[in-house]
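Rule-based calculations on the coordinates, nothing more; no lab input. In this text the structure is predicted, and so the values were computed from the model without any measurement. Neighbour counts are summed over all protein chains in view; Cβ atoms, including those assigned to glycine, are modelled from backbone coordinates with ideal geometry.
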Amino acid sequence: MPGPADLLLAIDAGTTLIKAAVFGLDGACLGAGRAKQPIHSPQPGWAEQEPESWWRGARLAARRAVEVAGVAGERIAAIGLSVQGATVAVFDENGHPRGPALGWNDARQRAPRESLAADDAHFAATGLAHLNMSPTGIAWLKANRAEWFTGGYRIGYVPDYLTFRMTGNWVSDPTNLAISNLCDLSTGDIAQPALERLHLPRSAFAETKRAGEMAGALLPSAARALGLRPGIAIAVPAHDQYAAALGAGCVNAGDILLSAGTAWVLVLITDRAVVDRESSFWPARHVQRGLWGLLGSTSSGGSTLDRTLELTGQRADWQRINQAAASVPPGSDGLLVIPHLAGRTMPTWDTGACGAILGWSLGHTRAHLWRAAMEGVVFDIRAACEYLKERGVNIASLRMVGGAANSALIPAILASALGVPVWTNTAADTALRGAACLAARCLGLPDIPQSDDWQEHRPVDAWRGIYSGAYQRYKDAIRRLES
């Protein structure tokens, strides 16, 4: 690399927060910044964003990260991007938004039950048997915002728009296409059946490249906005969960990344595409060449834990909660919590499923309920893993990030219930670290080193048999509830 440019800038454009960090090639994080990302809800169920806010937030976060790092902007050699997926907007031929974007969590991107099922051609191409996200969201825009699709127009997502603002090129990657329900798994490009259903030309969408390839060079105007030098390399972005998988070192078949926040999001790395009409997993090409990913979530994972605290009048003093729950024996003396507060979302869909507290007796305390809630969410993760094992997928190890990774108890429960080592990291920069790896790849350099903060949790032998029996009771309970 010429001159003093020896640092990488990573930007993680999330749904409610845009973060940025400066990394050295040795993997050290030198400084970080953030900017809030507003969401507007003009009607119940709607979640809209102004596309310009994506670029504004990226500028603010990036400038703050460079400032905190205490380095000159001229030292940044490349920018890598991790982005929220499936949030879609329509732009004119000059890149100006024609209206607000539909967020990935906007109700208008959910297909009505009577038209949810995809036809065979769509399933064969995308591996998805439903029409949620772009097939439904764009159809709604065409029906209700028809004037946006006149003259020259472009359909764009967060990665496309950020690469456009930085380089003048509209570029996306297969991980972002996949979460938008548009990706042809065999080619990595937009699926023809999706284009035909929407009556849209391929030219209306961004060019597709592999994450970490060169999206373009930083424009002078963008360089001034970011406080950097023009001409530096901009890497093709990746969907944030895949960037996090890269940043966490989940780059081998059998690795799992579990992001345990409000939702518990799981990304399983496989050596082949795994598709199933009944599955709720979203298949995609991994950013690591030759590998694939399956993305799914327990949508009320963290919410289940939070709700048990509300029911018991306990504030979120997690040190006390973990200590109390650890005093309860594994299996919670028969108390079961079913964490389907928003329906079952993994490994298969059932929006009508309900959560439950079962086996409650006079001998149970608040601590029993706290531990049973932890175990219930873990059993839901085990159900997903068992479902995949039955389809020939190997489960080797699990890496856990997010709020629950701070628990002294949950990782041990998870390792014992799954029978695999669980590694935790309390750092919040996993997706940013993955974005920095993409920036390094764009320069032809190896990925930056992993964080040193990973801690291993091995299965507790004395708990294994107990959790096998408790998990069977959990499955039986779900069958009874759903019947």
Report task. Could you state the angle between the C-alpha long axis of helix 430-442 and the longest principal axis of the C-alpha atoms of the chain, as a value from 0 to 90 degrees rounded to the nearest 10? Result -> 40 degrees
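Any idea what the dipole of segment 13-109 comes to, in debye rounded to 20, about its Cα centre with Lys/Arg Cβ at +1 and Asp/Glu Cβ at -1?
Numbers: 10 positive and 9 negative charges, 58 e Å.
It comes to approximately 280 debye.
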**Report entry** Separation of alpha-carbon centers, segment 98-137 and segment 3-21, rounded to whole Å
**Finding:** 31 Å
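Given that compact globular proteins tend to follow 2.2 N^0.38 Å, what is the ratio of the alpha-carbon Rg of segment 7-241 to that value? It would help to have the intermediate numbers written out before the result.
Details: Rg = 17.8 Å, N = 235, 2.2 N^0.38 = 17.5 Å.
It is 1.01.
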Query raised in the report: For the pair residue 16 and residue 311, how long in nm is the line joining their label points, each one 7 Å along Cα→Cβ?
Result: 2.3 nm
Query raised in the report: Expressed as an acute angle from 0 to 90° and rounded to the nearest 10, what is the orientation of the C-alpha long axis of helix 461-482 relative to the principal long axis of the chain?
Result: 80 degrees
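Looking at the chain, what % of its DSSP beta bridges pair antiparallel, to the nearest 5? Please list the in-between numbers first.
Values: 53 of 75 bridges.
Approximately 70 percent, going by the DSSP bridge assignments.
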**Report entry** Dipole of segment 7-241, positive end: most advanced residue of 227, 40, 150 [Cβ charges, Cα centre]
**Finding:** 227
Query raised in the report: Taking the highest mean first, how do the peptides 130-136, 384-390 order by number of other beta carbon atoms within 10 angstrom per residue?
Result: 130-136, 384-390
Report task. State, as an integer percentage, the relative contact order of segment 7-241 based on alpha-carbon contacts under 8 Å between residues 6 or more apart. Result -> 20 percent
Query raised in the report: Mind checking which lysines have their C-alpha under 22 Å from residue 19, skipping anything on the same chain fewer than 8 residues away?
Result: 36
Query raised in the report: Please state the relative contact order of the chain as a whole percent: Cα pairs under 8 Å, 6+ residues apart?
Result: 15 percent
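Under 20 °C and 1.002 mPa s, how fast does segment 261-314 diffuse according to Stokes-Einstein, given a Kirkwood radius computed over C-alpha pairs? Answer in µm²/s, whole number.
Numbers: Rh = 12.9 Å.
After rounding, the answer is 166 µm²/s.
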Query raised in the report: Say each of residue 473 and residue 278 gets a label point 7 Å from the Cα, pointing the same way as Cα to Cβ; how far apart are those two points in nm?
Result: 2.6 nm
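For the ranges 463-469, 342-348, what's the packing order if you count other beta-carbon atoms within 10 Å of each residue, average per peptide, and put the highest first? It would help to have the intermediate numbers written out before the result.
Numbers: 463-469: 15.1, 342-348: 20.1.
Order by mean packing, descending: 342-348, 463-469.
Stretch residue 428-residue 46 to full length: gain in nm at 0.36 nm per residue minus the Cα-Cα span? Before the final figure, lay out each step's value.
Details: separation 382, 0.36 × 382 = 137.52 nm, distance 2.84 nm.
In short, 134.7 nm is gained.
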Query raised in the report: For the residue pair residue 483 and residue 221, what label-to-label distance in nm results when each label sits 7 Å from Cα along the Cα-to-beta-carbon direction?
Result: 6.5 nm
Report summary line: In Å, the C-alpha Rg and Dmax of the chain are 22.5, 72
Query - DSSP beta bridges in segment 7-241 [antiparallel fraction, %, rounded to 5] - result: 70 percent
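Calculate the FRET efficiency for residue 342 and residue 462 from the Cβ-Cβ distance with a Förster distance of 30 Å, rounded to the nearest 0.05. The partial results should precede the final answer.
On the way: r = 34 Å, r/R0 = 1.12.
The value I calculate is 0.35.
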